[in-house]
Amino acid sequence: MTATARAALRREVLEANLRIPATGLATLTWGNVSGVDREAGVFVIKPSGVPYERLTEHDLVVVALDDGRVVEGTLRPSTDTETHRCLYRAFPTIGGVTHTHSTHAVAFAQARRAIPVLGTTHADTFDGPVPVTEVLTPEQCARDYEFHTGQVVVDLLGGDEARAEAVPGALVAHHGPFTWGATATASLEHAVVLEAVAEMALHTLALGRVEPPQHLLDRHYTRKHGPGAYYGNPAPGAA
């Protein structure tokens with residue numbers, strides 16, 4: 001990645017982090033976004049505990065994918081850095097990771113319940129329920145906790161990259177959601193969608209769950225994803 005591309009990645013990661021409070025996904029500093037530079041073997045992530053209103057590009061921290069050492073930046077990286085690194089190493093096609101403590105997604109995580117597919121809004125982005133992990137063991141919490149937080153997500157998905165692409169998010173039991181995508185921006189957008197469908201699911205379950213037809217859900221997912229997708233338009237200037 002060129003210096004220009006790296007600068008663009010830093011700007012993207014900053015903008016994605018600033019969208020966390022703007023979209024109502026975080027209280028105080030409860031969230032972070034990272035973006036990866038695979039060619040350089042590093043990722044850019046929010047520093048730990050810095051309020052969003054004070055966050056600048058200069059504050060962002062660059063971390064090595066191979067061993068987690070800080071290679072650029074004077075601040076400590078997010079405490080969730082090892083979770084991000086674990087996900088990047090397990091799923092080589094993802095380009096960004098987002099973690100928040102958004103209210104409705106956390107409610108499902110704390111209840112240890114997957115977010116069920118109850119309608120087409122969910123199916124537009126997630127090809128199936130948003131799953132919830134096993135509870136971390138005392139040993140996993142005592143040592144390398146943040147790494148094991150990522151590992152339980154990897155284990156939940158069976159290390160299956162196709163599954164991670166089809167359902168770009170998971171709930172860590174009693175903790176909260178992690179989402180990912182092709183870019184830092186995409187991972188943040190998946191976090192926004194996940195919180196929205198979690199809220200919708202809670203309201204729907206309160207009224208009484210009704211199973212939607214699978215053919216309808218499949219149609220909504222495939223019209224936005226896969227070789228036959230036709231939703232949206234090319235970016236300006238694209239061929």
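Protection proxy ranking for 92-105, 151-164, using the average of other Cβ atoms within 10 Å per residue and placing the highest first: 92-105, 151-164.
With a cut-off of 13 Å between beta carbons, the residues surrounding V42 carry a summed charge of +1, where Lys and Arg count +1 and Asp and Glu -1. Solvent-accessible area of L28, probe 1.4 Å, all protein chains present, reported in Å² to the nearest ten, please. Per-residue accessible area (L28): approximately 130 Å².
Surface composition of the chain: carbon plus sulfur atoms contribute 54% of the solvent-accessible area (1.4 Å probe, protein chains only, all chains present). Computed over neighbours whose Cβ is under 9 Å from that of Y221, the net charge equals 0, Lys and Arg +1, Asp and Glu -1.
Ranked from largest, the principal axis spans of the Cα set of the range 143-239 equal 50, 41, 22 Å. Here the dipole of the range 109-166 is about 300 debye; that uses its Cα centre as origin and unit charges on the Cβ of Lys and Arg (positive) and Asp and Glu (negative).
Ranked by accessible surface with a 1.4 Å probe, highest first, in what order do L60, L202 come? Write out the running numbers ahead of the final one.
Numbers: L60 0, L202 65 Å².
These residues rank, largest area first, as L202, L60.
Give, as a single signed number, the net charge of other residues whose beta carbon lies under 14 Å from the beta carbon of P77, with Lys and Arg counted +1 and Asp and Glu -1. My count for the surroundings of P77 gives -1. When the alpha-carbon atoms of the range 42-150 are used, the pair Rg, Dmax equals 16.0, 46 angstrom. Taking every full run of DSSP H in the chain, the ones that stretch at least 15 Å from end to end by Cα along their long axis and average 0.5 or higher on the Kyte-Doolittle scale are 184-207.
The values are calculated or read from the model by the stated rules, or taken from the named source; none is laboratory data. All of these numbers come straight from a predicted model, not from anything done at the bench. For neighbour counting, all protein chains shown are included, and Cβ atoms are generated from backbone atoms with ideal geometry for every residue, glycine included. Side chains included, ligands, DNA and RNA excluded: accessible areas come from the protein's heavy atoms. Shrake-Rupley method; radii C 1.70, N 1.55, O 1.52, S 1.80 Å.
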